[in-house]
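Scroll down for the structure; my scribbles are underneath it.
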Amino acid sequence: MIFAALSFALLSATQEPAPQEPSGPVLSLPAPQAAQTTPDTTEPEVLLNAQTYAAYRSDVTLAGERELLSGADLDTTMDALSRYYDGDRLVNAQIAYAALVAARNPEFIDAVRAVADYYGTETAAAALTHDPMYVTGFMGADTAGQDVAQAIDGDVTDIREVGARYRQAAYDLQHERWAQTRARDRQERLSSLESASERLDVHFRAPETSAAAPMGSATTLFAQPETVDLNLPELSVEVGQSQLQPDEHRVGRMLSLAALDAIEDGDMTFMDRLLDDPAVERCMQWVRLDLAQCVAAGHFKYEDSFCIAEHALNDVADCLTATRAPDEAVSN
């Protein structure tokens, strides 16, 4: 299972000379347990995807704190975020991370294992994969689902706040001479966006943390950089939480992945199906298309800040949300 594999990896690392501390996000997972006799040195796919999601959230945070002093700063933000928007990369990553959040609920995981022991692992796995709503009836599923929804809500809110800053910057930068210069590198900029996903290289280091350390919004997984004053006003973002409710099917898919990982011991036979979310993947395809069209239509660098806000951030937040309007929940 994920946590057992990670535990061994962390224990092995303590027996070697301490490597140079790398920069990057720190995944907050359990401290190492006793060594295993037959360790699996390959990190499970769920964990790898979750690491990618935490890295994305780190890049969003850096984007929000980046000083915008030249066109290169805007290019850096656009390229850093676009690395995650190819295909199903970010969709899979978010589902995997949410599954780790759900898996930290012991009552839920105990109930999953009890069901698997009674009906058999294969039968339980088939049921979990066939109907994401099946898992919501387990003991502890309500609490685990609330943890997942709150974690995603925290991340989506942060993404929207960064989007609000870049939208405001699109207006403020119109007073900067460099941002008023006509952009003549549109094709080069589009080519950079198209190839951005090829340049993603995620590195993580394990923190010293207790097994009981909570997992919530992915913002908590890495040390926050020093705050940079962008000379922008503090903006409040209204996301209409009072008019939204958890998307039970989407959260159920995330709980089902956590349940499968608890009983399948890393076997991805069933898990691959739950990592896919076609509706969200289509949403991300539109993000890439709309971002490219926005950049192509722009004539000045300050317009790139608007494209980042509207498409590379706000549209992505809409895709990744785990809530929906009540009337949509009824119709579906």
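The values are calculated or read from the model by the stated rules, or taken from the named source; none is laboratory data. Since this is a predicted model, take the numbers as computed values, not measurements. Note: ideal-geometry Cβ built from the backbone for every residue, glycine included; neighbour counts use all protein chains shown. The protein model used for the area step is the full one, side chains on, heavy atoms only, and it has no ligands, DNA or RNA in it. Shrake-Rupley method; radii C 1.70, N 1.55, O 1.52, S 1.80 Å.
Answer with yes or no whether T123 is out of contact with any helix residue (DSSP H, G or I) (no Cβ under 7 Å at 6 or more places or on another chain), surrounded by fewer than 21 Cβ atoms within 10 Å (Cβ to Cβ), hydroxyl-bearing (S, T, Y) and in a helix (DSSP H, G or I). It is true that T123 is out of contact with any helix residue (DSSP H, G or I) (no Cβ under 7 Å at 6 or more places or on another chain), surrounded by fewer than 21 Cβ atoms within 10 Å (Cβ to Cβ), hydroxyl-bearing (S, T, Y) and in a helix (DSSP H, G or I). Residue under question is R165, and the condition is that it be among the charged types (D, E, K, R), in contact with a Leu (Cβ under 6 Å, 6 or more places away or on another chain) and modelled with pLDDT of 95 or more; does it hold? In short, yes.
Residues checked against (1) within 15 Å of M78 (Cα to Cα); (2) free of Cβ contacts under 8 Å to residues at least 24 places away in the same chain:
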site	(1), (2)
Q168	no, no
D172	no, no
H175	no, yes
Q180	no, no
D185	yes, yes
R189	yes, no
S192	yes, no
S197	yes, no
L200	yes, no
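Summed over region 269-312, the residues that are among the aliphatic types (A, V, I, L, M) and either open to solvent by 40 Å² or more (accessible area, probe 1.4 Å) or at pLDDT below 90 (or both) give a count of 7.
If you go through region 133-143 one residue at a time, do you hit one that is open to solvent by 60 Å² or more (accessible area, probe 1.4 Å) and among the hydrophobic types (A, V, I, L, M, F, W, C)?
yes
Residues are listed down the side, and each one gets a yes or a no for (1) open to solvent by 30 Å² or more (accessible area, probe 1.4 Å); (2) outside any helix (DSSP H, G or I); (3) within 12 Å of L257 (Cα to Cα):
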{"residue": "Y85", "(1), (2), (3)": "no, yes, no"}
{"residue": "V91", "(1), (2), (3)": "no, no, no"}
{"residue": "A99", "(1), (2), (3)": "no, no, yes"}
{"residue": "V112", "(1), (2), (3)": "no, no, yes"}
{"residue": "D117", "(1), (2), (3)": "yes, no, no"}
{"residue": "T129", "(1), (2), (3)": "no, no, yes"}
{"residue": "D147", "(1), (2), (3)": "yes, no, no"}
{"residue": "D155", "(1), (2), (3)": "no, no, no"}
{"residue": "G163", "(1), (2), (3)": "no, no, no"}
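Here A63, A80, A72 are screened, and the one residue that is open to solvent by less than 20 Å² (accessible area, probe 1.4 Å), within 21 Å of E198 (Cβ to Cβ), modelled with pLDDT under 95 and not acidic (D, E) is A80. Considering each residue of region 250-268 in turn, none proves to be open to solvent by less than 60 Å² (accessible area, probe 1.4 Å), within 30 Å of S70 (Cβ to Cβ), in a helix (DSSP H, G or I) and modelled with pLDDT of 60 or more.
Applying the condition of being modelled with pLDDT under 95 and of a type in the set (V, I, T) to region 313-332 and asking which residue is farthest from Y53 (Cα to Cα) yields V330. Would it be correct to say that R104 is farther than 30 Å from Q187 by Cα, open to solvent by 50 Å² or more (accessible area, probe 1.4 Å) and of a type in the set (K, R)? Here the answer is yes, as R104 does meet what is asked.
Considering the conditions (1) open to solvent by 60 Å² or more (accessible area, probe 1.4 Å); (2) over 24 Å from S82 (Cβ atoms); (3) at pLDDT 60 or above, E238 is excluded by exactly one of them, (3). N231 satisfies every condition listed in (1) modelled with pLDDT under 90; (2) crowded, with 18+ Cβ neighbours inside 10 Å except (2).
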